[in-house]
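The values are calculated or read from the model by the stated rules, or taken from the named source; none is laboratory data. All values derive from a computational prediction rather than experimental measurement. Positions of Cβ are generated from backbone atoms using ideal geometry, with glycine treated the same way; all protein chains shown enter the neighbour counts.
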Amino acid sequence: MHTVLSSATKTVTIGPDQPFCIIGERINPTGRKVFQEQLRAGDLSAIERDVIAQVEAGATMLDVNMGAPLIDEPVVLAQAVKLVQSLTDLPLCIDSSVVEALEAGLQAYQGKALVNSITAEDERMELILPLVKKYGAAVIALPNDEFEIPEDPMRRLELVRHIVETATGKYGIPIEDIIIDPLAMPIGADSSLVNRTLETIALIKEHIGVNMTLGASNVSFGMPERHAINSVFVPMAMAVGLTSAIMDSRTEQVVMAVRAADLMLGNDEWGAAWIAAHRARLAKNAEG
């Protein structure tokens, strides 16, 4: 199953037979006090630096989130979307918990966007899925509801079925435009959580077949040497069906692990992308 996303001039296809889609997460003020202050002052200059760094590091798409306190998020998100699209032709994931901001971002966007995100809560789907349909977007969905974030992979699968049935049956959204986040939880909290995420990915692949993404760094939260953990986890998840991840594309260790996994899984024919990346690193080091 292929999920096709686009900017005005570039198309990205997510699928099990495609190179892994790296969705750069850096354009987000969460935990960045200076960036938040700049946004409140109307200064978007940090976005340009973040775009350039992520594109150069190998991002396939970019996530854009302007969720900072004391800003007019719909206005700023629309401005950010326009700015990012003036800097790169990569497709965008428009990310907000505020419905009005999502619509403002989708109105400003040129192409077919990815919306981040919905849950299995009926109320949340009623608010966001009509926007997804109206603007012809795709959507990330998480298998948790108003009652729980389930630990049981089978319960997560049940919630995924509910999301897919609601989105396709009630709102007419094509199944290929639904990307599931199987919920990566911190291994530092419980060492069994990663296995549950991997089992969830395998179940979704087997029974539903949609594409999947997740916040790659969630698994290592609170642990030392996070890049090492992430660089092992993502290829493991790819092997059982993960087809994209929201991650920091500037972390070379993790990106190299993803590209190596692409090669090993047969999604880099003749190792062309691996060799090209190697040559690019050599050239960059020679310039430095």
Look through N230, N267 and report the one residue that is in a loop (DSSP other than H, G, I, E, B) and surrounded by 15 or more Cβ atoms within 10 Å (Cβ to Cβ). N267
Inside the stretch 80-115, can you point out the residues that are within 14 Å of G136 (Cβ to Cβ) and among the hydroxyl-bearing types (S, T, Y)? Y109
Within the stretch 47-83, residues being surrounded by 17 or more Cβ atoms within 10 Å (Cβ to Cβ), aliphatic (A, V, I, L, M), in contact with a helix residue (DSSP H, G or I) (Cβ under 7 Å, 6 or more places away or on another chain) and within 29 Å of K284 (Cβ to Cβ) number 6
Looking at the stretch 216-227 only, could you name the residues that are surrounded by fewer than 19 Cβ atoms within 10 Å (Cβ to Cβ) and closer than 12 Å to S249 by Cα? H227
Filtering the stretch 144-179 down to residues that are of a type in the set (A, V, I, L, M), surrounded by 17 or more Cβ atoms within 10 Å (Cβ to Cβ) and farther than 18 Å from V240 by Cβ yields L159, I163, V164, A167, I173, I178
Please determine, by comparing only the residues of the stretch 58-91 that are part of a helix (DSSP H, G or I) and among the polar types (S, T, N, Q), which one is nearest to V4 (Cα to Cα). Q85
Counting only residues that are buried (at least 22 other Cβ atoms within 10 Å of the Cβ) and closer than 15 Å to S96 by Cα, how many does the stretch 129-143 have? 8
So, of the residues in the stretch 104-128 that are without any contact (Cβ under 8 Å) to a residue 40 or more places away in the chain and under 18 Å from L5 (Cβ atoms), which turns out to be nearest to the chain's Cα centre (by Cα)? V115
Which pairs have Cβ atoms under 7 Å, sit 6 or more apart or on different chains, and link a residue in the stretch 193-213 that is at pLDDT 95 or above to one that is outside any helix (DSSP H, G or I) and among the hydroxyl-bearing types (S, T, Y)? N211/T3; N211/T243; N211/S244; M212/T243; T213/S244
Cβ-Cβ under 6 Å pairs, at least 6 apart or on other chains, the stretch 148-174 side touching a residue at least 60 places away in the same chain (Cβ under 8 Å), far side part of a helix (DSSP H, G or I): none
Given the conditions (1) of a type in the set (D, E); (2) modelled with pLDDT of 95 or more; (3) closer than 20 Å to E56 by Cβ, and given that D181 satisfies all but one, which numbered condition is not satisfied? (3)
What are the residues in the stretch 6-57 that are under 22 Å from G209 (Cα atoms), of a type outside the set (S, T, N, Q) and part of a strand (DSSP E or B), if any? V12, I14, C21, I22, I23
